[in-house]
Amino acid sequence: MKESLQTAQKNKRERDKDLEAGVQKIDKLKARTSEIKTNKEYQALLKEIEAAEQEEQGDRRRHPSLDGEGRWRRRANNNG
């Protein structure tokens, strides 16, 4: 039982890192918008941002127990 808990915790940490990396990637791409010189570059950057956001949303759908910042959601304890 202890081993399965440790494995679950390790998997959670890995997913958290992946989600955080996705968020950071999106932030970096959005920060680059001020560096864009042409409309073609801007359109390409928008496509990159959109793809990264879709990937992140897919991760969140695959791991619905994670909140918007990659942390595990706490379930309400109805027992008091």
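Data for the structure
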| read-out | value |
| --- | --- |
| Close pairs from the range 1-27: first under 17 Å from Arg60 (Cα atoms), partner modelled with pLDDT of 85 or more, Cβ under 8 Å, at least 6 apart | Gly22/Ala52; Gly22/Glu55; Lys25/Ala52; Ile26/Ile49; Ile26/Ala52; Ile26/Glu53 |
| Residue list for the range 1-44, filter: hydroxyl-bearing (Ser, Thr, Tyr), in a helix (DSSP H, G or I) and over 23 Å from Glu55 (Cα atoms) | Ser4, Thr7, Ser34 |
| Answer residue from the range 26-51, given it is small (Gly, Ala, Ser) and at pLDDT 90 or above and is farthest from Arg15 (Cα to Cα) among those | Ala44 |
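To keep it simple, each residue is scored yes or no on (1) of a type in the set (Val, Ile, Thr); (2) surrounded by 10 or more Cβ atoms within 10 Å (Cβ to Cβ); (3) over 18 Å from the mean Cα position of the chain (by Cα).
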{"position": "Met1", "(1), (2), (3)": "no, no, yes"}
{"position": "Gln6", "(1), (2), (3)": "no, yes, yes"}
{"position": "Lys12", "(1), (2), (3)": "no, yes, no"}
{"position": "Asp18", "(1), (2), (3)": "no, yes, no"}
{"position": "Gly22", "(1), (2), (3)": "no, yes, no"}
{"position": "Lys25", "(1), (2), (3)": "no, yes, no"}
{"position": "Glu35", "(1), (2), (3)": "no, no, yes"}
{"position": "Thr38", "(1), (2), (3)": "yes, no, yes"}
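The values are calculated or read from the model by the stated rules, or taken from the named source; none is laboratory data. Fair warning: this is a prediction, and the values are worked out from it, not measured in the lab. FYI the Cβ positions are ideal-geometry reconstructions off the backbone, even for glycines, and counts take in every protein chain you see.
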